[in-house]
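Following this message is one structure expressed as structure tokens.
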Amino acid sequence: MSAEYNALLKNSIGLLFLKITHNIVGCKLVYRIKRNPDRSIARYKARHVVEGFHQCLGIDFTKTFSSVVKSVTVRLVLSIEVSRGWSLRQLDINNAFL
């Protein structure tokens, strides 16, 4: 939870003043316990989620975007990487702010 909160502070998430015609979208922290195969506790996780179901199309937003990659794109990038002899690296992103 402290990592999520510190990420919000680091990215200067603060209060906004909205027009009266806009709906206020709430948020909450969702907690989860990750377990090992033997059911022992591996770690505790917390996520900061937005309750987007309060929004109305045309009033609060006009377009939607889902950043999902297709498997065909992943295979294409991997085949180019292999054919050119490039090194492959992985990056994990803990927090994303749109």
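For a quick check of your reading of the model, give me the residue pairs whose first member lies in segment 25-50 and is modelled with pLDDT under 90, whose second is part of a loop (DSSP other than H, G, I, E, B) and open to solvent by 100 Å² or more (accessible area, probe 1.4 Å), with beta-carbon atoms closer than 7 Å and at least 6 apart or on different chains.
So the pair list comes out as 29/1; 46/1.
Among the residues of segment 41-95, which ones are closer than 26 Å to residue 3 by Cβ, among the aliphatic types (A, V, I, L, M) and in a loop (DSSP other than H, G, I, E, B)?
Once the filter is applied, which keeps residues that are closer than 26 Å to residue 3 by Cβ, among the aliphatic types (A, V, I, L, M) and in a loop (DSSP other than H, G, I, E, B), segment 41-95 yields 68, 69, 91, 93.
Those residues that are open to solvent by less than 70 Å² (accessible area, probe 1.4 Å) and modelled with pLDDT under 75, I need them from segment 1-21; list them, please. Give the derivation first.
In the first step, residues of segment 1-21 are kept if they are open to solvent by less than 70 Å² (accessible area, probe 1.4 Å); the result is 4, 7-8, 14.
Listed by number, the residues that qualify are 4, 8, 14.
For segment 39-66, which residues satisfy the criterion of being open to solvent by 100 Å² or more (accessible area, probe 1.4 Å), of a type outside the set (A, V, I, L, M, F, W, C) and under 26 Å from residue 23 (Cβ atoms)?
47, 62, 63, 64
One residue is enough: does segment 52-63 have a residue meeting the conditions within 28 Å of residue 11 (Cα to Cα) and at pLDDT 90 or above?
No.
The values are calculated or read from the model by the stated rules, or taken from the named source; none is laboratory data. Predicted, not measured: the structure shown is a model, and the values here were computed from it. Glycine also receives a Cβ, built like all others from the backbone with ideal geometry; neighbour counts cover every protein chain displayed. These area figures cover heavy atoms from the full protein model, side chains too; ligands, DNA and RNA do not enter into them. Shrake-Rupley method; radii C 1.70, N 1.55, O 1.52, S 1.80 Å.
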